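A short write-up of the structure that comes next.
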């Protein structure tokens, strides 16, 4: 017989895990946006060599699984710097650098979605290139980027389960601990599927609403 009563008895532990997953998602998005913004600025204003370096960075982080990025930051960085970094710090840095590569490409696509005539018209009106990008191009590009940003955030929320490799107790890890301890694998993982489904469904509905809001 299926018995889900253990979920209520472990609600605090599960909520702590869910809070960790959501916090990692939020910090990963913030870090990814920061890194992605720096990368797109370097690509735009840094010249050919700098642009090639950004291309190499983006290709590297998009070519390897996120779990390996977390793993190597946790185990290799302490060997380089000579001091432990910690699981939490390793996860945040790994998420920020990894997501930065994807957000950089989202920003690049958003900038390319703005018609070249917009920039030319801004320059013809007397604006400098920086002013034209800041006041004309970037606002239009951001409008196209916002729904994709949130879609990537949904993917990141699902990927937070990978922090088990550095022993952080995210929501899925908490579920696994309880499932193995109480011998309720079917109930525990069914409940985990339901929670992920509800959160991602709500987030997806929000993304669709944003698309309707920002799509002309």
Taking only pairs six or more apart or across chains, which ones have beta-carbon atoms under 9 Å, a first residue in the stretch 160-173 that is more than 14 Å from residue 98 (Cβ to Cβ), and a second residue that is assigned to a loop (DSSP other than H, G, I, E, B) and at pLDDT 90 or above? 161/170; 164/170
Before we move on, is residue 48 at pLDDT 90 or above, closer than 30 Å to residue 144 by Cα and not in a loop (DSSP other than H, G, I, E, B)? no
Any idea which of 34, 46 is in contact with a helix residue (DSSP H, G or I) (Cβ under 8 Å, 6 or more places away or on another chain) and either farther than 15 Å from residue 106 by Cβ or without any contact (Cβ under 8 Å) to a residue 24 or more places away in the chain (or both)? 46
Being touching a helix residue (DSSP H, G or I) at 6+ places or on another chain (Cβ under 7 Å), buried (at least 17 other Cβ atoms within 10 Å of the Cβ) and part of a helix (DSSP H, G or I): is that true of residue 191 here? yes
Here is a list of conditions, (1) over 16 Å from residue 94 (Cβ atoms); (2) modelled with pLDDT of 90 or more; (3) crowded, with 18+ Cβ neighbours inside 10 Å, and residue 40 meets all of them except one; can you say which number that is? (2)
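Right, residue 92: touching a residue at least 40 places away in the same chain (Cβ under 8 Å) and within 30 Å of residue 167 (Cα to Cα) or not? Break it down stepwise before answering.
Numbers: touching a residue at least 40 places away in the same chain (Cβ under 8 Å): yes; within 30 Å of residue 167 (Cα to Cα): yes.
In short, yes.
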Within the stretch 51-71, of all residues that are more than 24 Å from residue 37 (Cβ to Cβ) and over 15 Å from the mean Cα position of the chain (by Cα), the one surrounded by the fewest Cβ atoms within 10 Å (Cβ to Cβ) is 68
What do you reckon, is residue 68 free of Cβ contacts under 8 Å to residues at least 40 places away in the same chain, farther than 30 Å from residue 142 by Cβ and part of a helix (DSSP H, G or I)? yes
Hits in the stretch 1-36 - residues which are in a helix (DSSP H, G or I), modelled with pLDDT under 90 and exposed (fewer than 15 other Cβ atoms within 10 Å of the Cβ): 5, 8, 9
The condition of being assigned to a loop (DSSP other than H, G, I, E, B), touching a helix residue (DSSP H, G or I) at 6+ places or on another chain (Cβ under 8 Å) and farther than 23 Å from residue 25 by Cα holds, among 137, 114, only for 114
So in the stretch 74-111, with the set limited to residues that are surrounded by fewer than 17 Cβ atoms within 10 Å (Cβ to Cβ) and outside any helix (DSSP H, G or I), which one is farthest from the chain's Cα centre (by Cα)? 82
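The values are calculated or read from the model by the stated rules, or taken from the named source; none is laboratory data. All values derive from a computational prediction rather than experimental measurement. Please note: Cβ atoms are built from the backbone with ideal geometry, for glycine as well, and neighbour counts cover all protein chains shown.
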